[in-house]
Amino acid sequence: MYLEHYGLGEAPFRITPHTDFFFAGANRGATLEALLYAITHDEGIVKVSGEVGSGKTMLCRVLMERLPEHVVTIYLANPSLSREDILYALADELAITVPEHSRANTVMRALQEKLVALYAAGQQVVVLIDEAHAMPNETLEEIRLLSNLESNRHKLLQLVLFGQPEINATLARSDMRQLRERITHNFGLEPLVRDDIAQYLDFRMRAAGYRGPGIFAPAAIKLITAASQGLTRRINILADKALLAAFAAGGHQVGAKEVRAAIRDCEFANHPAPGAGPRHWHAFVWAGGGAIAMLTSVAVWRLVELPATEPSPAILPLAVQAEASRTQEQPPPPSRSDLPSPQPPTQPPPPRLEKLLAESQLWLDAAPPHRWFLQLLTTAAVHPELVEAFLVRAHSDGAEMAKLRVYRSSLSGTARYGVIYGDYASRNDAIDDSRNLPPALRAHNPYARQVVQLR
């Protein structure tokens, strides 16, 4: 809602990973380059650890985009997989046909044969495992066994673990020493310091299209540093709320009082990050004054889409107070009877799942194996309602439904639905288009795949 006010082309402080907003400062860029080197030079298992909200998922997404074309990327976002499930998941991603209820060693043998074939064709396979700290111990042991898959001179499978600091404590245990010794590179994402945060805020604003002088005053940056404890997700939340507070007050500069209002509105204000040192915030958390907090609350209230009902008594007075100065000389809004009738949707309703499955299969049968698409969603076949709900959300969000396809796969021995999007000549084309997807299609972090992986 404040984009035009600040001359922005898009929201600068979204908390969902958007690779155009990757901040290469504070050693993030150097870590990315080191990861690229380690992966492309067969350096064993790699581990990246960092606190909640430190930017691990963003780093993972940028890494996926920067890897060379010959690297086949598999992204596993579900940490609760059992040791058998992770084998089936890898088999499914590599389009390996495995008989139903196959034993784990049968799946492992099929994986090795596929990896050898890919290696002979000049391709390398890397598995990026998010939230690795939450993996069961037996699954971590399976990771160790997977790292043993190799040719005479090279690893057949590169593994990268992304996790919170708890993964370090898990790996420090004596029963994990064999896995620990296979980790050749350890990278830690440290919290940003004050100078980094100043650069980060300015970078995000300009990446979103801002062209004016710096918006965040030094006092504002100091408060954001203390309240966020250097975690990028918290910085984004605070900066967004502070911009809303300044916008609600009709200003263009974010100072200390706007940040104090933002802090009051954040639940994490009184919950320091684990392992962080003492922070003396209470002096300023409650010192912002009721008026500024009210403006922020109203701005946030206006931003959220509420049902078409009257505001509750708890909210209405705040809205009246905050908007009074902005509406005194404006005519009253039209009554419902004066409003134009709602227009019919520009797209037909989303097709039923079975119809879309049949149409999508025709495309899969005809598409050349080297074509690329975006993987939007995968779920067990016992939950078709999740797929249909996703299609409804995509339709209401204005997605190009003609580019959406659904497939059903049993390659891994377990039936699953997948929702995919687009038809691209190259991986780069797919990645470029992923940046323009509506929010409903970006909800599960889409990534590029080739048609051959579904056959």
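Every number in this text was worked out from the coordinates using simple rules, so none of it is lab data. This structure is a prediction, so every number in the text was calculated from the model and none was measured. Note: ideal-geometry Cβ built from the backbone for every residue, glycine included; neighbour counts use all protein chains shown.
Region 360-384 and region 385-455 have Cα centres lying 7 Å from one another. With a cut-off of 15 Å between beta carbons, the residues surrounding S174 carry a summed charge of +1, where Lys and Arg count +1 and Asp and Glu -1. Residue ranges 367-378, 7-18 sort as 367-378, 7-18 when ordered by packing (mean number of other C-beta atoms within 10 Å per residue, highest first). Each of S54, S49 was scored by other Cβ atoms within 10 Å of its Cβ. Listed from fewest to most, they are S49, S54.
Each of H101, H70, H444 has some number of other Cβ atoms within 10 Å of its Cβ, and from fewest to most they run H101, H70, H444.
Expressed as a fraction of 2.2 N^0.38 Å, the C-alpha radius of gyration for region 353-454 is 1.00. The slack in the chain from I15 to R66, taken as 0.36 nm per residue of separation less the alpha-carbon distance, amounts to 16.3 nm. What is region 353-454's relative contact order, in percent, from Cα pairs under 8 angstrom and six or more apart in sequence? Across region 353-454, relative contact order equals 42 percent. Taking a straight line from the alpha carbon of K241, these aspartates and glutamates sit under 15 Å away, with near neighbours fewer than eight places off in the same chain left out: E258, D265, E267. Subtracting the Cα-Cα distance of K355 and E166 from their residue separation scaled by 0.36 nm leaves 63.5 nm.
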